[in-house]
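Chemist: Pasting a structure here, questions to come.
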Amino acid sequence: MGATSPRGNDGGTRGGDGASTSGGRGRMWITTASGALAGATARVCVAPLDVIKIRLQVQVESGAAGKYRGLVQATQTIIREEGARAMWAGTIPALFLWVPYTAIQFTVLSKFKDAATEFERRHPGSMQSVPVSFLGGAIAGSAATVATYPFDVIRTLLASQGHPKVYNTILDAARGVVRERGVAKGLFAGVSVTLAEIVPASAVQFGSYATLKAQFPAMFEGNDFACGFAAGSIARLVVHPLDVVKKRFQVAGFSRSLAYGQRVDAEAYRTFFSAVRTIATREGLVGFYKGLGPSLIKSAPASAITFSVFEAAHRALSANFPTDTTDVTENTKKTQNVVSTYTKKK
């Protein structure tokens, strides 16, 4: 994701994946590979913060009554009781989640931008009032979420279980969840809440990234890390309450050790509204923002790393694997932005 896409010599808007719309199909693998690498890099870097965030989010108790009472105290407690490796608990399923998730997200977004570009070419002016970056981000996030959701459930269970472990491996967790709750209510527990979260999250993240690039070029032009950091922070503030509800759905009825606090009652989390009512009644407004600190610390750099690695990988692959000779000069100068094809029109 870089600056807004320049125009081709024919005056038409170029697609967001580094080539003109007509050559977009040949370059799609570069977008997919760049997205996969970006997702894997970000996930490994921020895994410890994700573990802490999950532990705080699924903790029913608040304040001094809770086992975990903040970022520093939670880190110290986990390392003391479970060892440093526990800070990366659930990383393998998280990679199975985030590598395809990010690859799918960037690929679908690029395809959507290509379609929007082609529609604009055929019907000039028809897309000027359409928030393409926000809408594309929402569609891309939804597609990636549904395709990878079971790994999100397994990641949450492995990261939150503590010791003694209920599940030892990904397959062990998958079998246990299916056996106890079935496929739909187990591996896809909370998927509707997740879609309600991911649509605005993806829309805000990708839309904010494109808008910041377009509106504040002096600050963010050429600084993918800073722009990604800002976009990630904005998105997290908007959707964090939904993330808490989702995590509760994912661990509802999970029989982890009582040393980690009350278990999440499955009966109280049967529907979205019952979950919201339960959290509001028992924990108050603060319950919806449990884990916000580590979540912000995690999400902003994760977004920054994702965008930065994607940009760097896309530039490198585009320069070394041009689809035709006319792309070589263009790609060595600048990778086209997958996000901001139309933001300059706003």
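Chemist: How big is segment 199-250 on each of its three principal axes, counting only the C-alpha atoms and giving the largest first in Å?
Modeler: Extents along the principal axes: 43, 16, 12 Å.
Chemist: What ³J(HN,Hα) values, in whole Hz, does the Karplus curve 6.51 cos²θ - 1.76 cosθ + 1.60 give for segment 53-69 when θ = phi - 60°, with x put for Gly and Pro?
Modeler: Per-residue couplings from phi come out as 4, 5, 4, 6, 5, 8, 7, 6, 5, 10, x, 5, 6, x, 5, 10, 10 Hz.
Chemist: Please report, for the Cα atoms of segment 73-226, the Rg to one decimal and the Dmax as a whole number; what are they, in angstrom?
Modeler: 19.8, 63
Chemist: With the full set of protein chains in place, find how many percent of the accessible area of segment 188-229 is carbon and sulfur; take the probe as 1.4 Å.
Modeler: 72
Chemist: Which peptide among 31-38, 44-51, 272-279 comes first, and what is the full order, when sorted by highest mean count of other Cβ atoms within 10 Å? Before the final figure, lay out the partial values.
Modeler: Details: 31-38: 24.1, 44-51: 20.6, 272-279: 16.2.
Peptide ranking by packing, descending: 31-38, 44-51, 272-279.
Chemist: Right, next: Can you compute the equivalent ellipsoid semi-axes for segment 188-303, i.e. the square root of 5 times each eigenvalue of the Cα gyration tensor, sorted largest first and rounded to whole Å? Let's see the in-between values first.
Modeler: On the way: eigenvalues 217, 39, 26 Å².
Semi-axes, largest first: 33, 14, 11 Å.
Chemist: Using only alpha carbons, build the gyration tensor for segment 30-321 and give me the equivalent ellipsoid semi-axes, biggest first, whole Å. Can you show the working numbers first?
Modeler: Working: eigenvalues 229, 79, 71 Å².
For segment 30-321, the ellipsoid semi-axes come out as 34, 20, 19 Å.
Chemist: Kindly write out, for segment 223-234 in residue order, the coupling ³J(HN,Hα) from the Karplus curve 6.51 cos²θ - 1.76 cosθ + 1.60 (θ = phi - 60°), rounded to whole Hz, with x marking Gly and Pro.
Modeler: Listing the rounded values in order: 10, 5, 5, 5, 5, x, 4, 5, 5, x, 5, 4 Hz.
The values are calculated or read from the model by the stated rules, or taken from the named source; none is laboratory data. All of these numbers come straight from a predicted model, not from anything done at the bench. FYI the Cβ positions are ideal-geometry reconstructions off the backbone, even for glycines, and counts take in every protein chain you see. Surface areas here come from the heavy atoms of the whole protein model, side chains and all, with no ligands, DNA or RNA. Shrake-Rupley method; radii C 1.70, N 1.55, O 1.52, S 1.80 Å.
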